[in-house]
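Have a look at this one before I ask anything.
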Amino acid sequence: MALKESVGKLPWYKILALIPLWLLILPLMAVLFLIFVPPVALFFFLQSLTGELLFYLSMWNAGRTLSGHRLRQQLAAGETGTLIIEHPLLAWGRTNAWWTPENILEEAPGPIPDFASEEYQDQLLDLIEQDLPHPWDEWCWQQYTSPHQGQARLLRVWNGKRYDLWFNTHYPAIPIVETTTAIARQLESETQPNSIK
């Protein structure tokens, strides 16, 4: 505001003299943006991708992965279970897909919240402010998706939501649940210093 007022008080010929300066500054700013932003964005993308790959490899090493081909064979043979879509971060929209032969709808200690509902999202935001996981998310983490104590098998990292579409098309009777595990993951990593993140 002060800059605008001080520029407004300048005589017209001084304002006119500033135009060449702005004509030099704007292209320079654009060039600097193009030089620095793409490498920084690429660095964060590669760092995230590497982290996801390392997480998948650690689950594979622990015997907790399941290939899409093997899952299709199991489903064709009549196996049932539950697909878990995990949101490991509070932002970015990244998802992991997990499979368990258990029917989580029957095993859950309480009602499973509708992930897309406003009520669940409001509860989640309130709990995040207190650094507490939602009871459903904490239970799902401990029982199924935790790298240390969970029992589910990892199908896909980074874009697990694709399995949601595939199951809805080919196996609509298989239950699909969603969970946000960022807070539960953080709390576990604080109690286990050498934990897989």
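We did not get these values from a lab; they are worked out from the coordinates using the rules stated. Note that the coordinates shown come from a computational prediction; the quantities given were computed from them, not determined experimentally. When we count neighbours, we look across all protein chains shown, and the Cβ atoms used for this are built from the backbone with ideal geometry, even at glycine.
Using a simple charge model, +1 on the beta-carbon of Lys and Arg, -1 on the beta-carbon of Asp and Glu, nothing else, what dipole does segment 1-144 show about its Cα centre, in debye to the nearest 20?
Dipole about the Cα centre, nearest 20: 1300 debye.
Just want to confirm a number: the relative contact order over the chain, from Cα pairs under 8 angstrom separated by 6+ residues, in percent.
With pairs under 8 Å counted, the relative contact order is 26 percent.
How large is the helix-only mean residue ellipticity at 222 nm for the chain, computed as the sum of -39500 (n - 2.57) over DSSP H runs with n ≥ 4, divided by its residue count, in deg cm²/dmol to the nearest 500?
Theoretical 222 nm ellipticity from helices: -17500 deg cm²/dmol.
While we're here: Among V157, T191, C140, which residue has its Cα positioned farthest towards the positive end of the charge dipole of segment 123-195, with +1 placed on the Cβ of Lys and Arg, -1 on the Cβ of Asp and Glu, and the dipole taken about the Cα centre?
V157
Compute the FRET efficiency between N168 and I35 as 1/(1 + (r/R0)^6), taking r as their Cβ-Cβ distance and R0 = 45 Å, and round to the nearest 0.05. Kindly include the intermediate steps, with their values, before the conclusion.
Details: r = 44 Å, r/R0 = 0.98.
The computed FRET efficiency comes out at 0.55.
Once the convex hull of the alpha carbons of segment 86-182 is built, what does its volume come to per residue, in cubic angstrom?
Convex hull of Cα atoms, per residue: 105 Å³.
Tell me which of S117, I85, L23 sits at the most positive position along the dipole axis of the chain, charges placed on C-beta atoms (Lys, Arg +1; Asp, Glu -1).
L23
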